[in-house]
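Below is one structure; the comments refer to it alone.
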Amino acid sequence: MQSKDLWDVHTAMKVLEHDTVDSKLWAEAVEWLMLYGPPEIQDLLLEASTTATSRSFPNLTPTHFTASGQPIYNVKALAENLGVPVEEVKKILEDKERAHATLHNMTTGNETVH
């Protein structure tokens, strides 16, 4: 079964609205909505994510943005702000790419990711 077939909008939104949902399940619902949800929900989640990132990691700033407005970060800066090795960030991104057949704009030259 493919990742996009594991959820639907109604179920993912119920998870987000639940008061005591497990954080891992909540993150999976958000990830699914960001990948497969309606554009208006994706926009709201992107805005919320941008706000949360800027408040939680004020020193982490995007290097630039995609045509659709998604921020692109330097992998090294992302790792430093999260307090993890660069290799760990790269592995997480590679795992996500495999799981969702998406490209996170990770490059070896500038080491950027969105």
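Taking amide H positions as modeled 1.01 Å from N, with prolines and chain starts lacking one, the residues under 5 Å from Y73 and 5 or more places away or on another chain are T63, V113, H114. How much mean residue ellipticity at 222 nm does the chain get from its helices, if each DSSP H run of length 4 or more adds -39500 (n - 2.57) and you divide by all residues, to the nearest 500 deg cm²/dmol? Result for the chain, helices only: -17500 deg cm²/dmol.
The lysine pair count for the chain, using Cα distances under 16 Å and pairs eight or more places apart or on different chains, is 5.
Give the peptides 15-23, 52-60, 75-83, 90-98 in descending order of average Cβ contacts within 10 Å, highest first.
75-83, 90-98, 52-60, 15-23
Give the residues of segment 40-72 whose amide nitrogen is closer than 14 Å to a point set 7 Å from the Cα of M13 in the direction of its Cβ. Counting backbone N atoms under 14 Å from the label point, the list is 40-45.
Rule-based calculations on the coordinates, nothing more; no lab input. These numbers were taken from a predicted model, which means no experiment stands behind them. A quick note on method: Cβ atoms are made from the backbone with ideal geometry, for glycine too, and the neighbour counts reach across all protein chains shown.
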